[in-house]
1. Is it the case that D204 is in contact (Cβ under 8 Å) with a residue 40 or more places away in the chain and closer than 24 Å to G13 by Cα?
2. Got a number for residues in region 247-262 being open to solvent by less than 80 Å² (accessible area, probe 1.4 Å) and touching a helix residue (DSSP H, G or I) at 6+ places or on another chain (Cβ under 9 Å)?
3. Name the single residue, out of those in region 108-158 being within 14 Å of R97 (Cβ to Cβ), assigned to a strand (DSSP E or B) and under 18 Å from the mean Cα position of the chain (by Cα), that is modelled with the lowest pLDDT.
4. Taking into account only those residues within region 144-168 that are among the polar types (S, T, N, Q) and touching a strand residue (DSSP E or B) at 6+ places or on another chain (Cβ under 9 Å), which is nearest to R184 (Cα to Cα)?
5. Check region 277-289 and report whether any residue there is buried (at least 18 other Cβ atoms within 10 Å of the Cβ), of a type in the set (V, I, T) and under 18 Å from I129 (Cβ atoms).
6. Could you tell me how many of the residues in region 68-105 are in contact with a strand residue (DSSP E or B) (Cβ under 6 Å, 6 or more places away or on another chain), open to solvent by 10 Å² or more (accessible area, probe 1.4 Å) and either under 11 Å from I39 (Cβ atoms) or not in a loop (DSSP other than H, G, I, E, B) (or both)?
7. Give me the residue from region 28-60 that is open to solvent by less than 80 Å² (accessible area, probe 1.4 Å) and of a type in the set (A, V, I, L, M) and, out of that set, farthest from A296 (Cα to Cα).
8. Just to check your reading of the model, which residue among A72, A128 is in contact with a Leu (Cβ under 8 Å, 6 or more places away or on another chain), in contact (Cβ under 8 Å) with a residue 60 or more places away in the chain, among the small types (G, A, S) and more than 22 Å from D4 (Cβ to Cβ)?
Amino acid sequence: MSTDTVIWQFTDGKPGHENQTSGLINALENRTSVKIHTIDVPSNIITFIFSLLIGRFYRQLSQLTKPNYLIAAGSTTQLPMQFSHLFFGGKRILLMRPYWPMNWFDHLIIPQHDSPKIDNKILVTQGAINKVSPSSNHDAKQGVILLGGPSKHYFWDSISIIEQITQLLKAHADISWTVANSRRTPDDFETQLQAHSGKVTFIDFRETDSSWLPKQLTSSGHVWVSPDSVSMLYEAITSGAAVGCLDLEEKSSNNRITKGIKLLMEQRIITSFTQWQNSQALTLPPIQLNEAQRAADWILSQ
């Protein structure tokens, strides 16, 4: 008889949510043998209810081994997880603030910047958990610059970002730099960058898979991230590399995201570009984050 811990992973197709749930599952695998079933949920509640009413959803799940844990992130995954629990059991673990009543869930893992309540079933994490593992193999001659784009919290300025990148390249010509864009980066950014900064390795996100970023972060000694990319900032911090944050103008200084990034700077966990200009150096974080593993250990201790 199998002794595997059976996990049903609910996914809505969004890479950020998959990054969180997979990060937790990977950390659970570090502690116990697991069997994973991935359940794709419909993109809207009407489609899900139709699937539920005609019995398709139940038939799909009935083919699977009954779960020990149901793990989900994203608003559209929460109702399918509830019905799965009703039909087949398993502890419900949600990696965000719930849309439905809190007592519908067994464990909640919520980032501190979302201001969660204090409760025994809630684990508060520093940033969203992710798939990156801490590394001690960072190459001081390798650097990566990770870019986001227009966001709710920052005014995107391609010219300013390119000027900052150019200064970094000139100041650290001995480092091999890679610049990577993301879905939100303006389409003409690479052309502008090459025109101003000369030869630099540019990686388009469409040419990478989900393993590319973790590999870069665990091998690069210097990591810079634009501040709109909060998830990438925490991935970089988790890797154990020295992390810098490029400067962008805030849309509001009173929102939870910008406050959280300022706190990381005050704690010297990341270095702002302005701070770097004064010292020409990045400092290693004074702490080692590994929130996925902490969350996994917490779950297994319950």
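1. No; evaluated as a whole, the condition is false for this residue.
2. 8
3. P111
4. S160
5. Within region 277-289, not a single residue is buried (at least 18 other Cβ atoms within 10 Å of the Cβ), of a type in the set (V, I, T) and under 18 Å from I129 (Cβ atoms).
6. Total satisfying the criteria: 4.
7. I54
8. Just one listed residue meets the conditions, A128.
The values are calculated or read from the model by the stated rules, or taken from the named source; none is laboratory data. Please read all numbers here as calculations on a predicted model, not as lab measurements. We place every Cβ from the backbone using ideal geometry, glycine too, and count neighbours over all the protein chains shown. Side chains included, ligands, DNA and RNA excluded: accessible areas come from the protein's heavy atoms. Shrake-Rupley method; radii C 1.70, N 1.55, O 1.52, S 1.80 Å.
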